[in-house]
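The values are calculated or read from the model by the stated rules, or taken from the named source; none is laboratory data. Given the structure is predicted, the values throughout are model-derived calculations rather than measurements. Every residue, glycine as well, gets a Cβ built from its backbone with ideal geometry; the counts of neighbours run over all protein chains shown. The protein model used for the area step is the full one, side chains on, heavy atoms only, and it has no ligands, DNA or RNA in it. Shrake-Rupley method; radii C 1.70, N 1.55, O 1.52, S 1.80 Å.
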Amino acid sequence: MNDYISRVVFRYVTLFIIVYGFYVILHGSLSPGGGFGGGTVLAMGVLMYFLIFGAHWRGKLREAPMGVGVSLLVFGAVVEALKFLIPHEHGPVGTPGTLFSGGLVSLANFCIGTLVACAILSIIYLLVKED
Amino acid sequence: MIFAPEYVIFILLTLLVLAIGAIFIFEDLLVMAIIYGGYSIVMAFVWQLLNAPDIAITEAAVAIGSSVLMITVISRVGRRPE
């Protein structure tokens, strides 16, 4: 896209969208949002960057999101299987109300957000593969 | 917790019904994509008023992404359906 105004505007707006996505993901155990909502916001930020500046880096990174997504899916399946084998443990929990007070829930939210973002980007890359 | 008057959600639901009725009026695909974006934003407000803020965040994000993808596809295909 050769629009000068959208290039200048989204050069700065994209960073705020991505930071907001990480905010929603990391505050998933405290406030509304969580893995899926933050992941979609993150994917839409990357999609904006891809649609406006995109054509020069999609060749190198085309296969990366699907690989990361499948890896996280296998990791989640292994962890869910291990939950039935070992005694239940939440990990280190902090004081209630602070950011990382959820123990392993914060890590799970981060992995789910990355998985959702990679899945949406993979679908978009499959759609734009034709041209 | 959002304290809004009762009639606000009825106004928003009326806008949703108008967006559904606009399907039968317009035939331009670009107009349909813009109406879909407006429908999704109104739906996000409805979720927020029904005290479901996470669904509102997801709805707004998916609405932006799918509207942009629809407009991208329409710019390749053409505005008039056959």
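Protein heavy-atom surface of the protein assembly as shown, 1.4 angstrom probe: 74% of the accessible area is carbon and sulfur, with nucleic acids and ligands not counted.
Looking at the range B:12-82, the chymotrypsin sites (Phe, Trp or Tyr not before Pro) that sit in a DSSP loop and have at most 16 other Cβ atoms within 10 Å of their own Cβ are B:Phe26.
Between helix A:4-26 and chain A, what is the angle of the helix's C-alpha long axis to the longest principal axis, kept within 0 to 90° and rounded to the nearest 10? For A:4-26 against chain A, the angle is about 10 degrees. For chain A, the Cα gyration tensor yields ellipsoid semi-axes of 32, 20, 8 Å (square root of five times each eigenvalue, largest first, whole Å). With Cα atoms defining each centre, the range B:36-52 and the range A:1-35 are spaced 20 Å apart in the structure. Over the protein assembly as shown, dividing the summed -39,500 (n - 2.57) contributions of all DSSP H runs of at least 4 residues by the number of residues returns a 222 nm mean residue ellipticity of -24000 deg cm²/dmol.
For the range A:4-127, the relative contact order works out to 35 percent when only alpha carbon pairs closer than 8 Å and six or more residues apart are counted. Relative to the longest principal axis of the Cα atoms of chain A, helix A:35-53 runs at roughly 20 degrees. Using the Cβ-Cβ distance between B:Thr72 and A:Thr95 with R0 set to 30 Å, the FRET efficiency from 1/(1 + (r/R0)^6) comes to roughly 0.05.
Taking label positions 7 Å along the Cα-Cβ direction at both B:Phe24 and B:Leu49, the computed distance is 2.4 nm, reported to one decimal. Could you give the angle, 0 to 90 degrees to the nearest 10, between helix A:104-127's Cα long axis and the longest principal axis of the Cα atoms of chain A? Its long axis makes an angle of about 30 degrees. Pairs of Cα atoms under 8 Å, at least six residues apart: use those to get the relative contact order of the range B:26-82, whole percent. Answer for the range B:26-82 is 49 percent. By the equivalent-ellipsoid construction on the alpha carbon gyration tensor, the range B:26-82 comes out with semi-axes of 27, 11, 5 Å, ordered largest to smallest. Relative contact order for the range B:1-57: what is it in percent, counting Cα pairs under 8 Å that are at least 6 residues apart? Normalised by residue count, the contact order of the range B:1-57 is 42 percent.
The GNM of chain B, with springs linking C-alpha atoms under 10 angstrom apart, assigns the highest mean-square fluctuation among B:Ile35, B:Ile11, B:Ile71 to B:Ile11. Taking 0.36 nm per residue of separation and subtracting the current Cα-Cα distance, fully stretching the chain between A:Phe22 and A:Phe75 would add 17.0 nm.
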